[in-house]
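Taking it in order: structure first as structure tokens, then the write-up.
The values are calculated or read from the model by the stated rules, or taken from the named source; none is laboratory data. Computed from a predicted model, the values in this text were never measured in an experiment. In this analysis, Cβ positions are derived from the backbone assuming ideal geometry, glycine residues included, and neighbour counts consider all displayed protein chains. Ligands, DNA and RNA are excluded from the accessible area calculation, which covers all protein heavy atoms including side chains. Shrake-Rupley method; radii C 1.70, N 1.55, O 1.52, S 1.80 Å.
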Amino acid sequence: MPLEDYEKQEKAFLRDRSLIQMHYLPESADYPRHGIILAVKMPLRRIAETYARCFKRESHYDSLQFEADEPSCQAALLTTRRFAARGSIVAGAAGFSSQYWADQGDRLVMAWVWIHPYERGQGLLWQHWAELEREYGQFLVAHPYSPAMIRFLIAHRDSIDPERITASYRTEIYGTDGSN
């Protein structure tokens, strides 16, 4: 292969590795302009997988938390309202799976959340929290928690039941073990 082709491949790899885009979905009945969009269809699942890859890279995880072709994984895309557009702009995703927890048994768990850097600190997850609960019920919040997730849980500890948080983190988040 000529050197120019290697250089093109390398540039494409570096661009794909470093460019983080928000995804635009055209306005339609399937995609609400604001709110969560369930990643059920394959194109939406692929968007969720791109955000799961960003999460993996940033968190230094060994494995991918969501794969588009894995039917047991669920995801919700988080839209932003900060940019004017005719359709939906997806600025993050949250992944859910069924897991066994020693103190909770089999439960639906929010396994990961990733939000585009431009949208961090803007309250995007909290804006969608009630809608996520309507869709997924009283899900548990999986650990380990990033510093951002700990700040989120502390900020909203009056609204989130301590039983939904990993026992080892309750003291850090609630100031006690969370029980009354």
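First obtain the Kirkwood hydrodynamic radius of segment 68-122 from its Cα pairs, then insert it into the Stokes-Einstein equation at 4 °C and 1.567 mPa s, and state the resulting D in µm² per second as a whole number.
Working: Rh = 13.1 Å.
Once the numbers are plugged in, D ends up at 99 µm²/s.
Take the solvent-accessible surface of the protein heavy atoms, probe 1.4 Å, and return the percent of it on the chain that carbon and sulfur atoms account for.
Working: 5360 of 10690 Å².
Here it works out to 50 percent.
With angles folded into 0 to 90 degrees, how steeply does helix 3-18 sit against the dominant principal axis of the chain? Use alpha carbons for both and round to 10.
The angle comes out at about 20 degrees.
With a point put 7 Å past each Cα toward its Cβ, work out how far Tyr61 is from Ala130 in nm, to one decimal.
Roughly 2.9 nm, to one decimal.
Need one number: nm distance between label points at Arg81 and Tyr118, each 7 Å from Cα along Cα→Cβ, rounded to one decimal.
In this crude label model, Arg81 to Tyr118 measures out at 1.8 nm.
Viscosity 1.002 mPa s, temperature 20 °C: what is the translational diffusion coefficient of the chain from Stokes-Einstein with a Kirkwood Rh over Cα pairs, rounded to a whole number of µm²/s? Intermediate results must be reported in sequence, preceding the final value.
Numbers: Rh = 17.6 Å.
In µm²/s, the coefficient rounds to 122.
Once the Cα atoms of helix 42-59 and of the chain are each reduced to a long axis, what angle between those two axes, in degrees from 0 to 90 to the nearest 10, is obtained?
Approximately 70 degrees, to the nearest ten.
Between Asp30 and His143, how many nm apart are label points set 7 Å from Cα along the C-beta direction?
4.0
Could you work out [θ]222 nm for the chain from helices alone, using -39500 (n - 2.57) per DSSP H run of at least four and dividing by all its residues? Round to the nearest 500 deg cm²/dmol. Can you show the working numbers first?
Values: 5 runs with 64 residues, N = 180.
Per the formula, -11000 deg cm²/dmol.
Suppose R0 equals 41 Å; then what is the FRET efficiency for Asp69 and Thr171 from their Cβ-Cβ distance, rounded to the nearest 0.05? Mind dumping the intermediate values first?
Numbers: r = 39 Å, r/R0 = 0.96.
E between Asp69 and Thr171, to the nearest 0.05, is 0.55.
In square angstrom, what is the accessible area per residue of segment 73-180 with a 1.4 angstrom probe?
On the way: 5400 Å² over 108 residues.
Here the residues of segment 73-180 average 50 Å² of exposed surface.
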